[in-house]
Amino acid sequence: MRAVRLPALGAPALELVDVPMPEPGPGQARIAVTGAGLCGTDLHILHGDYSSRPPVTLGHEVAGRVDAVGEGVDPAWIGALVAPETAFGTCGLCRWCRTGRPMLCAERLSIGSGVDGGFAEAVIVPARLLHRLPDWLDDHAAALMEPLACCCNSLSDPAVIDAGDRVLVLGAGPVGLLAAQVARAAGASVVLGGTSADEERLAIARTMALDTLVVDTPGGVTTLEAWEAARDVDVVIECAGVGAAVATALRVVRPGGSHIQMGLLSGDVSIPFGLVVTKEIRVRAGFGSAPASWWRAVDLVAARAVDLVPLVSVVLPLRDWPVAFDRMASRTGLKSVLDPRMA
Ligand SMILES: [Zn+2]
Ligand SMILES: [Zn+2]
């Protein structure tokens with residue numbers, strides 16, 4: 001089968017190669033991939049600033065249909081539209097594994113970095129990682145279940161948003177649009193903030209009836225200052241992953257409010273962290289997803305409280321992986337999904 005792989009640490013590019021079709025071992029299932037989303041983490045893996053174990057097939061945002069199961073796995077899985085949790089291998093014994101937070105296990109190997117992922121015609125995962133998706137769900141958009149589960153991990157378990165809260169989401173990428181929908185589903189009134197470079201993305205958010213704000217225009221700056229003075233933004237969710245947005249979040253959130261850090265920051269950033277003390281800001285973060293957040297993500301999609309379809313901007317064959325990476329680097333559109341069934 002064809003797979004897009006990182007051949008070695010420090011390799012200048014990924015490679016589209018032929019590898020043997022993998023067979024599921026005991027307790028495992030094979031997913032025939034219908035969609036695999038490209039994410040900023042994949043860019044970090046390629047550049048060597050997110051740990052990986054090459055040679056390895058990338059892709060941790062995966063959806064597809066189970067087409068084979070190993071010994072001990074219920075054959076009823078075969079044919080089901082599924083998305084897998086990503087923590088393929090964990091110690092199973094440490095306090096984080098035993099309390100349902102496998103992403104924090106020191107021995108974790110995740111699909112798409114530590115073991116082969118979904119930028120391939122098929123991927124093998126332990127069957128305990130599978131989540132059955134509604135059969136009506138678009139099998140490309142289903143690749144967004146993983147980032148949605150990450151949002152649920154940061155926002156829902158435990159809940160950081162109350163009904164009626166005023167929530168500002170900073171960052172108009174796929175995670176921002178998912179976090180905004182999860183916050184809205186929790187009963188908050190939500191504004192999604194992006195920069196003028198995000199206009200195309202903010203326009204998509206408006207088609208989903210989300211209010212938007214362009215934060216780097218004079219009008220946007222004035223609005224943020226007015227909100228800060230009114231002290232009525234209860235929660236700010238930082239999804240941009242840049243220091244300037246973290247700083248804005250800490251300034252705008254009301255005293256006693258919550259700052260939720262979802263963006264992955266590269267390197268050290270300069271932020272007014274003293275405000276956490278003087279405003280008694282509660283700071284919370286989530287890293288990746290947890291099993292509980294997957295059940296919640298599936299429930300939100302099944303209830304049609306979160307719509308994944310508008311976030312898919314382009315669907316590409318595996319050989320066009322460089323196009324997807326270019327779109328990511330230039331912040332063109334929202335999610336690029338690779339469909340290995342395409343020639
Ligand atoms: Zn990701
Ligand atoms: Zn562990």
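The values are calculated or read from the model by the stated rules, or taken from the named source; none is laboratory data. None of these values were measured; they are calculated from a predicted model. Ideal geometry is used to build each Cβ from the backbone, glycine not excepted, and the neighbour counts take in all protein chains shown.
Structural remarks
- One residue stands out among those in the range 88-125 that are part of a strand (DSSP E or B) and closer than 16 Å to residue 36 by Cα: the one that is nearest to ligand 2 (Cβ to nearest atom), which is 110.
- Flag for residue 30 being assigned to a strand (DSSP E or B), in contact with an Asp or Glu (Cβ under 7 Å, 6 or more places away or on another chain), more than 16 Å from ligand 1 (Cβ to nearest atom) and of a type outside the set (S, T, N, Q): yes
- Filter result for residue 66 (of a type in the set (Val, Ile, Thr), assigned to a strand (DSSP E or B) and within 16 Å of ligand 1 (Cβ to nearest atom)): no
- Among the residues making up the range 222-242, those that are of a type in the set (Gly, Ala, Ser) and buried (at least 16 other Cβ atoms within 10 Å of the Cβ) are 240, 241.
- So residue 16, is it outside the structural domain of residue 241 (by TED's automatic domain parsing), more than 16 Å from ligand 2 (Cβ to nearest atom), touching a residue at least 60 places away in the same chain (Cβ under 8 Å) and among the hydrophobic types (A, V, I, L, M, F, W, C): yes
- Looking at 288, 257, 243, just one residue is without any contact (Cβ under 8 Å) to a residue 60 or more places away in the chain, among the small types (Gly, Ala, Ser) and either touching a strand residue (DSSP E or B) at 6+ places or on another chain (Cβ under 7 Å) or under 19 Å from residue 180 (Cα atoms) (or both), and that residue is 257.
- Residues of the range 101-130 classified as closer than 16 Å to residue 292 by Cβ and away from ligand 1 (no atom under 16 Å from the Cβ), total: 5
- Some residue of the range 44-63 being buried (at least 20 other Cβ atoms within 10 Å of the Cβ), within 16 Å of ligand 1 (Cβ to nearest atom) and in a helix (DSSP H, G or I): yes
- Annotation note: Cβ proximity below 9 Å between a residue of the range 166-183 that is within 19 Å of residue 297 (Cα to Cα) and touching a residue at least 40 places away in the same chain (Cβ under 8 Å) and a residue that is among the hydroxyl-bearing types (Ser, Thr, Tyr) and in a helix (DSSP H, G or I) (sequence gap 6+ or interchain) occurs for 179/154; 182/154.
- Some residue of the range 314-323 being closer than 21 Å to residue 134 by Cα, of a type outside the set (Val, Ile, Thr) and surrounded by 14 or more Cβ atoms within 10 Å (Cβ to Cβ): no
- The condition of being more than 16 Å from ligand 2 (Cβ to nearest atom), out of contact with any strand residue (DSSP E or B) (no Cβ under 9 Å at 6 or more places or on another chain) and modelled with pLDDT of 95 or more holds for only one of 176, 187, that being 187.
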